[in-house]
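The values are calculated or read from the model by the stated rules, or taken from the named source; none is laboratory data. All values derive from a computational prediction rather than experimental measurement. Counting neighbours? That spans all protein chains shown, and the Cβs are built from the backbone with ideal geometry, glycine included.
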Amino acid sequence: MKSLTHTKLAQAVLLLVFPMMVSCSVFNSGGLSSDPIVAEQQRRVETLKAEAERAEQETEDAEEREKAAKSRLKAAQDQLKVLQTESKRRGA
């Protein structure tokens, strides 16, 4: 179960990183203005876009971890109920 989660996480990261790498190489290959002030602002915008995308991905990853933790908690609670019921039947 744990390796499946890691595999899905790795796939999600790769799906997001690869397009970003390709887009960065496209934007950096002559897409900047010859005006230094405009070029600097273009770089700043691209940096902020990448930062926003990373933050969004981190949020999605955190939500997935939260769902997994809640699922593990629910399973543990269910198992506890079963064990408590079995313990009562044994008279312990």
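Of all residue pairs spaced 6 or more apart or on separate chains, those with beta-carbon atoms under 7 Å, a first member in segment 24-38 that is at pLDDT 60 or above and a second member that is surrounded by 10 or more Cβ atoms within 10 Å (Cβ to Cβ) are LEU32/ALA39; LEU32/GLN42; SER33/ALA39; SER33/GLN42. Scanning segment 64-82 turns up one or more residues that are assigned to a helix (DSSP H, G or I), farther than 30 Å from LYS8 by Cα and free of Cβ contacts under 8 Å to residues at least 12 places away in the same chain.
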